[in-house]
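J.: One structure, as C-alpha cells, below. Some questions next.
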Amino acid sequence: MSQSYNRGLIEDFGRWKEFSAGMWAWIFHKFTGWMLIGYLFTHIAVLSTAIGAAQGETMMLASEQVDVYTGTIQGLESLFIIRVLEVGLLAVAVFHILNGLRLLMVDLGIGLTAQDKSFYASLILTGVITVASVPTFLTGVGL
Amino acid sequence: MAERYSSFTPGGTGWLLQRLTAAFLVVVLAFHFFQLHFVNHAADVTFMGTQARMENIGYFLAMVLFLIAGTFHGVNGVYNALVNQGLTGTPKKVVLGVLIIASVALIAQGIWVALAMSGMIY
C-alpha cells in the first residue's frame, strides 16, 4: 500500500521554515532547472559564433587575429567572473543530475523511505564535486 | 488521502518523455562537462578543435540529440512548473505556444551551429 501525505501549499514560499527535505529537494530541482534551461539558450547563442567562423570571420584577441568563435570563447574564458559562473553552473548541473537520479529512483519506487537521506547525499556530493573542481575551473585566469 | 500534486497527466507521454530524456541527459551532460572542462579545458577551446570533434559523426549525432533532448526536457520542465504554479486557460495556451516557438527556434539554431562546426555547411 502506497503512502501519501498532505504537503500543504508548497507554492507559498512564506512557509519555508516548515519545509521538509523532500520540499527543499523539489524547490532546488526547480531552481536548478530554470538556471540550466536559461543557460542552454545562452550557450547556443555564444556557440553561434561558429557560423561566422566557418565563413572566415575574424576578430582581434590579445593583439592577435583569430577566428570569431575562438576569440569569443577565449575572450570570455579570460574573465574571472566567467570562471566563477562556470563553477556555479557545475554546482547547479551536478545537483540537478544527482537529484534527478534520486527522482528516477522515487518514480521506480526504489528506496522511498530513504528519500530524505538521498536528498542530503545529493547535496553533500554536489558540494564535494564542486569544491574539488574549483582548481580545474580556475586554471590560467587571474583576478 | 492527499491530493495529486503533479502537473503531468497521469500516464501521459509528457511524463514518460521527461523521464526518458532525463536518463539520457544524466549520461550525456556528465560526459559533456567532463569532456570540455577536464579532458579539454574550456579556455583552450578553438574552432579547429571543435571542428575536429564535430567531424566525428557519432559525436555530432550525440550533440544534436543532446540539444533536442535538453531543449525538450528543459522547456517541458518550465511548462510544467508554470502549470504547477496555477497557470490555466488562455495564458496557459499562450505560454505553451511561446515555449514551442522558442524550442523550435533553439533546436533549428543549434543544428545550424552544429552543421557549421562539422564543416557540412559554410
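J.: Filter the range A:74-91 for residues that are free of Cβ contacts under 8 Å to residues at least 60 places away in the same chain and more than 26 Å from A:Phe28 (Cα to Cα) and give the result. Break it down into steps so the answer makes sense when it comes.
T.: Here is the first cut: in the range A:74-91, the residues free of Cβ contacts under 8 Å to residues at least 60 places away in the same chain are A:74-76, A:81-91.
Once the filter is applied, which keeps residues that are free of Cβ contacts under 8 Å to residues at least 60 places away in the same chain and more than 26 Å from A:Phe28 (Cα to Cα), the range A:74-91 yields A:Gln74, A:Gly75, A:Leu76.
Listed here are the residues, each with its yes/no results for (1) within 8 Å of chain B (Cβ to nearest Cβ); (2) hydroxyl-bearing (Ser, Thr, Tyr).
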| position | (1), (2) |
| --- | --- |
| A:Gly56 | no, no |
| A:Ser63 | no, yes |
| A:Val68 | no, no |
| A:Ser78 | yes, yes |
| A:Arg83 | no, no |
| A:Glu86 | yes, no |
| A:Leu89 | no, no |
| A:Leu104 | yes, no |
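J.: Which numbered condition in (1) facing chain B (nearest Cβ under 9 Å); (2) hydrophobic (A, V, I, L, M, F, W, C); (3) more than 17 Å from B:Leu36 (Cα to Cα); (4) surrounded by 14 or more Cβ atoms within 10 Å (Cβ to Cβ) is the only one that A:Met35 fails?
T.: Status for A:Met35: all satisfied but (1).
J.: If you check B:Gln35, B:Gln51, which single one turns out to be at pLDDT below 95 and either of a type in the set (S, T, N, Q) or surrounded by fewer than 19 Cβ atoms within 10 Å (Cβ to Cβ) (or both)?
T.: Numbers: B:Gln51 fails: at pLDDT below 95.
The unique qualifying residue is B:Gln35.
J.: List every residue pair whose Cβ atoms sit under 6 Å apart, with the two residues 6 or more apart in sequence or on different chains, where the first one lies in the range A:102-119 and is part of a helix (DSSP H, G or I) and the second, anywhere, is basic (Lys, Arg).
T.: Cβ pairs passing all conditions: A:Ser118/A:Arg102.
J.: Okay, moving on. Of the residues that sit in the range A:107-135 and are more than 16 Å from A:Val87 (Cα to Cα) and within 11 Å of chain B (Cβ to nearest Cβ), which one is modelled with the highest pLDDT?
T.: So, considering only residues that are more than 16 Å from A:Val87 (Cα to Cα) and within 11 Å of chain B (Cβ to nearest Cβ), the one modelled with the highest pLDDT is A:Leu108.
J.: Among the residues of the range A:124-143, count how many are part of a helix (DSSP H, G or I), hydrophobic (A, V, I, L, M, F, W, C) and in contact (Cβ under 8 Å) with a residue 40 or more places away in the chain. Give the steps one after another, and end with the answer.
T.: Just the residues of the range A:124-143 that are part of a helix (DSSP H, G or I), to begin with: A:124-137.
Keeping just the survivors that are hydrophobic (A, V, I, L, M, F, W, C) gives A:124-125, A:128-129, A:131-132, A:134, A:137.
Subsequent filtering for residues that are in contact (Cβ under 8 Å) with a residue 40 or more places away in the chain retains A:134, A:137.
Count: 2.
J.: For A:Thr42, state whether it is over 30 Å from A:Asp107 (Cα atoms), under 15 Å from the mean Cα position of the chain (by Cα) and at pLDDT 95 or above.
T.: On the way: over 30 Å from A:Asp107 (Cα atoms): yes; under 15 Å from the mean Cα position of the chain (by Cα): yes; at pLDDT 95 or above: yes.
Yes; evaluated as a whole, the condition is true for this residue.
J.: In addition: Between B:Gly97, B:Gly49, B:Gly77, B:Gly70, which is under 30 Å from A:Gln65 (Cβ atoms), among the small types (Gly, Ala, Ser) and without any contact (Cβ under 8 Å) to a residue 60 or more places away in the chain? Please lay out each step first, then the result.
T.: Working: B:Gly97 fails: under 30 Å from A:Gln65 (Cβ atoms); B:Gly77 fails: under 30 Å from A:Gln65 (Cβ atoms); B:Gly70 fails: under 30 Å from A:Gln65 (Cβ atoms).
Just one listed residue meets the conditions, B:Gly49.
J.: So, B:Thr21, is that one more than 30 Å from A:Met59 (Cβ to Cβ), more than 9 Å from chain A (Cβ to nearest Cβ), over 20 Å from the mean Cα position of the chain (by Cα) and hydroxyl-bearing (Ser, Thr, Tyr) or not? So that I can check it myself, show each step before the final result.
T.: Values: more than 30 Å from A:Met59 (Cβ to Cβ): yes; more than 9 Å from chain A (Cβ to nearest Cβ): yes; over 20 Å from the mean Cα position of the chain (by Cα): no; hydroxyl-bearing (Ser, Thr, Tyr): yes.
When the stated conditions are applied, B:Thr21 does not pass them.
The values are calculated or read from the model by the stated rules, or taken from the named source; none is laboratory data. The structure displayed is predicted, hence computed values, not measured ones. Don't worry about glycine lacking a Cβ; one is built from the backbone with ideal geometry, like all the others, and counts go over all protein chains shown.
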